[in-house]
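Structure record follows, encoded as structure tokens.
No value in this document is a laboratory result; all are computed from the given coordinates. From a predicted model like this one, the values you see are computed outputs, not experimental measurements. Backbone-built Cβ (ideal geometry, glycine too); neighbour counts: all protein chains shown.
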Ligand SMILES: C[S@@+](CC[C@H](N)C(=O)[O-])C[C@H]1O[C@@H](n2cnc3c(N)ncnc32)[C@H](O)[C@@H]1O
């Protein structure tokens, strides 16, 4: 909550967009708004609420939004619960999920790995209970309400359900090959780098070091220290979301299994025009960054294969995928190995975060995909294939792979990965699975191949699969293994 007790409410905002998209829309219409401390866009509602640090910033924002040429109604309203303020205080509906003001502050490890206090066996049990619960609620409950047309070979009762438990990861500590560390003030006000101690919506903008985080590798921890030394020597402020000011924003680290890393440092290009002009970072700063990240395997245990600066001045946490990337030295990508296959990975492309865990997962998926009951090799649909890792991992065991992904560059990477691994039985289709799957099944006569011979692997983004993709899969008689 603000000290002045009011917030801005915008009405007629697009209903079905999330907070990140709403921030981007607001930024597009108004440009930078100084002093935002809370941003609340309830999904499926047409209101957007913004709280500012000062009455002056609220008034400036109000004027900008009003003249912003969007079909919005904007007014200033009183905040509810004024007087019941707590440290995280906002009037968002998720208040129950937030840390209460009388609870001791959480450590970074408690925030990012909330199960870390349990043994690994206890964590697996916890995961199993959660998953079984979800399956019961979503799968069997839907089955009874007949939301889906479950036909033959689909499990129809809990007794038939062949639950094999949660398979443990072969690596438990330091397994993450991809991390984003935030540059911000720590609790004492010092420019620092680490993980945020909560979310912005909870009113948390400070970071703490990552040394206690078990899932972060020694290499990443060492790189966080290098970044801290760079921040200390350079002297610029870290980015502050509240007033949209500051230079250092983030450090992204990617590691492979060959003691190599890619480092991309995100900066705010609007901070100081002496530092960045026309999308080019000044030579002095480039040299300083190079000096701190000039790593070699002998002294640092890891070789920096590529060093980049990402320019991003927007207010949301996630920079758009096409944000300007300036290469300071090295290569555009490095190679990661899964099983006997090699994959090109660039700083911002999707890749499974636990390489050894991915091998285990793909191995099991591959084993199941072979159990088709047919004498012939299966045909594989790799839905949401990304850069093709799952299908390519199975390529020697299947007759043909059809990979589908809506991201053109991911499809291009998949084609290159197939070539680099001498895989000749893979074909990639760029398009939304919900739009291209049905036609593909028809065009390649996949609906009529021997029953059971067609196998699908799906690895959709968090939002899940489009219902049309599910329907196409469920209605395809030759496909009984998903
Ligand atoms: C979790 S990633 C999986 C990538 C890949 N299976 C891998 O492990 O490397 C999800 C992928 O789904 C793709 N995607 C998202 N929506 C899609 C859609 N509607 N149709 C097809 N692909 C989609 C994204 O581009 C992304 O590559």
| Sorted by packing (mean other beta-carbon atoms within 10 Å per residue), highest first, where do 266-275, 112-121, 362-371 land? | 266-275, 362-371, 112-121
| said: Quick check: the angle from helix 408-420's long axis to the longest principal axis of the chain, C-alpha only, nearest 10 degrees? | reply: 50 degrees
| field | Peptide ranges 62-75, 185-198 listed from the most packed, as the mean C-beta count within 10 angstrom indicates | value | 185-198, 62-75
| Scaled to the compact-protein estimate 2.2 N^0.38 Å, what is the alpha-carbon radius of gyration of region 6-92, rounded to two decimal places? | 1.03
| query | Taking the DSSP beta bridges in the chain as the whole, what percent of them are antiparallel, to the nearest 5? | reply | 65 percent
| Inter-part distance where region 334-349 and region 406-476 are each reduced to a Cα centre, Å | 21 Å
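Equivalent ellipsoid semi-axes for the chain, as square roots of 5 times the alpha carbon gyration tensor eigenvalues: give them largest first, rounded to whole Å. If you can, show how the numbers build up before the last one.
On the way: eigenvalues 339, 180, 107 Å².
Taking √(5λ) for each Cα gyration eigenvalue gives 41, 30, 23 Å.
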| remark: For region 349-481 (alpha-carbon point model, no solvent) the Debye-based log₁₀ I(q)/I(0) at q = 0.11 Å⁻¹ works out to -0.35
| note | Least to most buried among 394, 285, by other C-beta atoms within 10 Å and fewest first, runs 285, 394
| remark: Calculated from DSSP helices alone, with each H run of at least 4 adding -39500 (n - 2.57) and the total divided by the residues of the chain, [θ]222 nm to the nearest 500 comes to -8000 deg cm²/dmol
| request: Give me the compactness ratio for region 178-332, meaning the Cα radius of gyration over 2.2 N^0.38 Å. | output: 0.99
| query | How high is the relative contact order of region 303-343, given as a whole-number percent (alpha carbon pairs under 8 Å, six or more residues apart)? | reply | 44 percent
| query | Per q in 0.14, 0.23 1/Å, what log10 I(q)/I(0) does a Debye calculation on the alpha-carbon atoms of region 246-329 return? | reply | -0.49, -1.12
